[in-house]
Amino acid sequence: MTPWGIRKKIKAALVGSSGPTPTEKLSLTMTLPSGSSHRIDCEPGYTLAMASQILETPIATSCPDGGCGGCVVDIIEAAGLRAPSAAEQKLLDEKKYGPNTRLACHAKVDGSGASIRIRTIWTMDSIKGT
């Protein structure tokens, strides 16, 4: 995930200039490490990492599949979040995260009402590589 809205650009290119068909918008609350809270509207099936792209500083992710555990978030209210998949639960157990944590790259939004606390936001310093 990047802060440059790549997913939105790809989606717009695939849908074309007519724009996407209207879909139901779901709302959730994301609290940044600074303590500021933001109401986010997203489409059903978005991951928390995808939904956070609307923030000025989205959730930091370091890998595409949750193996790094860098996108872990604390769950304040789980309403509207899909239950963890077997793969996500395995990663959470391996990393020894507590019961009220999820991986933002796996956790999907199915309804409104979720509230999360973000542990790590994207910064230039969070980029890894050569």
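Any read-out appearing in this document is the output of simple, stated calculations on the displayed coordinates, not a laboratory observation. Please read all numbers here as calculations on a predicted model, not as lab measurements.
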The answer for residue 120, listing residues at least 5 apart or on another chain whose modeled amide H is closer than 5 Å to its amide H, is 60
Partner aspartates and glutamates whose C-alpha sits under 20 Å from that of residue 90, ignoring same-chain residues fewer than 8 away, are 65, 74
